[in-house]
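*Asks:* This is the structure, below, for whatever I ask next.
Read-outs: derived from the displayed coordinates by stated rules, not from any lab. Keep in mind that what you see is a predicted model, and the values were worked out from it rather than measured.
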Amino acid sequence: MHIGSILLTISVVSLHAAESASGSRLVSVGKLVEESSASRKIAASGNRQAVELQARAQSLLAEARHAVASGNQARADGLLARATKTMFEAVRILEQNQDAVDKQQRDFDARLESVSALCEAYDRISREKGLGSAEDTELYPIVRRKLDTAKALRSEGRTSEGKARLDEAY
């Protein structure tokens, strides 16, 4: 075998390996953008910013597919990298939003626990002091209504409004 044939064989093998690697990268990024659990979470989230970023990643992926079909591998690689980065940014936004929602839930729960404990203590002290039932006082029923309203608002997904009612009751 001549040195030229060997170099040509190596070049062809390298070209096929590169095409295979870039093809698998195209498939991997396609799965990330279109089929992954992250993709489904973004689509179902209703988070406008995350959904827009996913749409941008889908557009970049489409451009990358076109670049591969046109034989422009370098452009395709750059587009795939941008699509991946864009999807990670969308997921990060969802996680930040989820962290804020989790904090709202924790704050609501803590305030609910505090107000409930105060109501129980008020009721117990009223009975111990012979003042009658706390329910017969002017304040206690108002606080209980605010607690019920807060719980109802939370069950409707309006946790921040519910927390405001708890703050009023506190």
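*Asks:* Which ³J(HN,Hα) values, rounded to whole Hz and listed in residue order, are derived for the stretch 40-54 from phi using the Karplus coefficients 6.51, -1.76 and 1.60 in 6.51 cos²θ - 1.76 cosθ + 1.60 with θ = phi - 60°, glycine and proline given as x?
*Replies:* Using θ = phi - 60°, the values come out as 5, 5, 4, 4, 7, 5, x, 7, 4, 5, 5, 5, 5, 5, 5 Hz.
*Asks:* Note down the relative contact order for the chain as a percent, whole number, built from C-alpha pairs under 8 angstrom at least six residues apart.
*Replies:* Result for the chain is 17 percent.
*Asks:* Here's a follow-up. Please report the orientation-averaged projected area of the stretch 53-156, defined via the convex hull of its C-alpha atoms, in nm².
*Replies:* With the hull built on Cα positions only, its mean projection is 8.4 nm².
*Asks:* Can you run phi through the Karplus equation (6.51, -1.76, 1.60; θ = phi - 60°) for the stretch 143-150 and list ³J(HN,Hα) in whole Hz, with x for Gly and Pro?
*Replies:* Running phi through 6.51 cos²θ - 1.76 cosθ + 1.60 with θ = phi - 60° gives 5, 4, 4, 5, 4, 4, 5, 4 Hz.
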